[in-house]
Amino acid sequence: MSGAGASNAASGAQIAPLPPLSAVIARHDLKPKRSLGQHFLLDPGLCGKIAHASRPRTPAVILEVGPGPGGLTRALLAAGAARVVAVEKDRRCVAALGELAARYPDRLDVIEGDALAFDIATLGHARIGIVANLPYNVGTRLLLRWLERIERLDSMTLMFQKEVAARITATGGRDYGGLSVRVQWLCTCERLFDVGPRAFVPPPAVTSTVVRLVPRSVPLAPAEPDALDAVTRAAFGQRRKMLRRALRGLAPDPQALLQSAGIPPEARAETLSVAEFCALARAWSAMGQAEER
């Protein structure tokens, strides 16, 4: 194949003869199932916007979760993704995606299964980009699971319910919480754009937001994950109280703990930076080790 021909294939020139998604949906009777939290994203312009935001040419493998009839899948292939692995739980959608895979036998793999049970380590040693219109009911669980494999990830471009996206990216205030700290400790976070209910079939009752997460080369500050989870859980569990009171269940002398971390005892959880929570986690770990001795 000539260089020009290869370029056209990689850029998605094969997309043109594909049947309309409406025809695919009708042929496979893809009525969205509420039990699976399905809200199909079909707008090609919006799918293309998400695909380009994910920068699919960079990672060797793109993992797409819950592709449904394949609107975003098509856009990822058109945007130049070298290899897309689509994990889909709905057998009807797997059959529909099989038609697309037949057009791109070297670039699209379709796996029938539950994303919560799918281990990204099975994708080999290549850096992975994850792109997904996540089901609202499992989005946070999936994100936390992927963070456990942060060393394997190139980036994550994910669509969440707007309120969840606000929690992920918050740096203080009402939306700031344990999820914010855990994600921002490991990733840089950027809210890209909102997606209104009418973009989906059927329309959800809420607005969605696309977020791009890029793993840091090293965590923002030193901390043990379990210790960081423990201090954020205690601090945000009573977020309206000063930390000297909120941390009573975590340490016998919260004031000494806070002093060791360099944090004013009058501070509240929503005013602490991620780095300060890491300092608190280190102080708590050191205090526990001292008590053991």
Open item on the list: Checking residue 105 against (1) of a type outside the set (D, E, K, R); (2) assigned to a strand (DSSP E or B); (3) open to solvent by 30 Å² or more (accessible area, probe 1.4 Å); (4) within 27 Å of residue 18 (Cα to Cα): exactly one of these is not met. Which one?
Closed with: (2)
- [ ] Would you point out the residue of the range 220-238, among those that are of a type in the set (Gly, Ala, Ser) and assigned to a helix (DSSP H, G or I), that is surrounded by the most Cβ atoms within 10 Å (Cβ to Cβ)?
- [x] 235
Task: Residue that is under 17 Å from the mean Cα position of the chain (by Cα) and either among the small types (Gly, Ala, Ser) or buried (at least 24 other Cβ atoms within 10 Å of the Cβ) (or both), where the choices are 82, 53 - done: 53
Task: Enumeration of residues in the range 208-219 that are among the β-branched types (Val, Ile, Thr) and in a loop (DSSP other than H, G, I, E, B) - done: 218
- [ ] Among the residues of the range 75-97, count how many are farther than 19 Å from residue 134 by Cβ and either in contact with a Gly (Cβ under 8 Å, 6 or more places away or on another chain) or not basic (Lys, Arg) (or both).
- [x] 7
- [ ] Give the residue that is farthest from residue 69 (Cα to Cα), with candidates limited to residues of the range 1-35 that are of a type in the set (A, V, I, L, M), surrounded by 14 or more Cβ atoms within 10 Å (Cβ to Cβ) and modelled with pLDDT of 75 or more.
- [x] 18
- [ ] Taking only the range 34-91 into account, find how many residues are of a type in the set (A, V, I, L, M) and part of a loop (DSSP other than H, G, I, E, B).
- [x] 5
Open item on the list: Which count do you get for residues in the range 136-158 that are out of contact with any Leu (no Cβ under 6 Å at 6 or more places or on another chain), under 24 Å from residue 55 (Cβ atoms) and not in a helix (DSSP H, G or I)?
Closed with: 6
Open item on the list: For the range 65-77, check the following and say yes or no: at least one residue is free of Cβ contacts under 8 Å to residues at least 40 places away in the same chain and over 19 Å from the mean Cα position of the chain (by Cα).
Closed with: no
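The values are calculated or read from the model by the stated rules, or taken from the named source; none is laboratory data. Since this is a predicted model, take the numbers as computed values, not measurements. Every residue, glycine among them, receives a Cβ derived from its backbone with ideal geometry; neighbour counts consider all protein chains shown. Heads up: the accessible areas ignore ligands, DNA and RNA and are worked out on the full protein's heavy atoms, side chains in. Shrake-Rupley method; radii C 1.70, N 1.55, O 1.52, S 1.80 Å.
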